[in-house]
1. Assuming 0.36 nm per residue, please report the length gained on full extension of the stretch D40 to A71 beyond their Cα-Cα distance.
2. Can you list residues whose amide H is under 5 Å from R37's amide H, if they're 5+ apart or on another chain and H is modeled 1.01 Å from N?
3. So what J values fall out for the range 71-77 if you push phi through Karplus, 6.51 cos²θ - 1.76 cosθ + 1.60 with θ = phi - 60°, rounded to Hz, Gly and Pro as x?
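Coordinate-derived values only; no laboratory data. Predicted, not measured: the structure shown is a model, and the values here were computed from it.
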Amino acid sequence: MANGMNIRITASLLVAIMALSGSAVATPAFLPEDPKRPVDKISHDLSIRPEQFTACFRKVSPAPQGTRPTAERVHSNKAILLSCLQKANANITNDRLDEVMDRYRPGRREAQLPTNE
């Protein structure tokens with residue numbers, strides 16, 4: 001009887017682990033490099049898949065948390081991100097990207113204003 005109970009508990013745990021790991025891998029909710037951005041919402045708003053946004057965003061270099069980017073970093077990141085995203089959806093414009101990213105960026109547009117360096 002104890003063996004039967006152990007098998008049921010083990011099976012239940014395996015099912016739970018598989019369910020959790022499957023949903024976590026399928027669509028990343030947040031990027032490890034930028035944990036405050038909801039990838040699923042951003043990609044939906046840009047009409048691309050979360051994997052496409054994640055792949056493009058990994059190519060940019062966000063300013064460290066709590067700091068503002070330099071003007072050079074802002075322009076460089078925008079060029080990298082926009083050109084990559086446009087390969088996934090040619091209808092993404094600079095203005096649309098700004099609109100969507102500002103919606104989900106902590107601190108909104110003000111957080112992206114470059115320093116005077």
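1. That pair, D40 and A71, stretches by 8.4 nm at full extension.
2. Under 5 Å from the amide H of R37: L31.
3. 4, 4, 5, 4, 5, 5, 4
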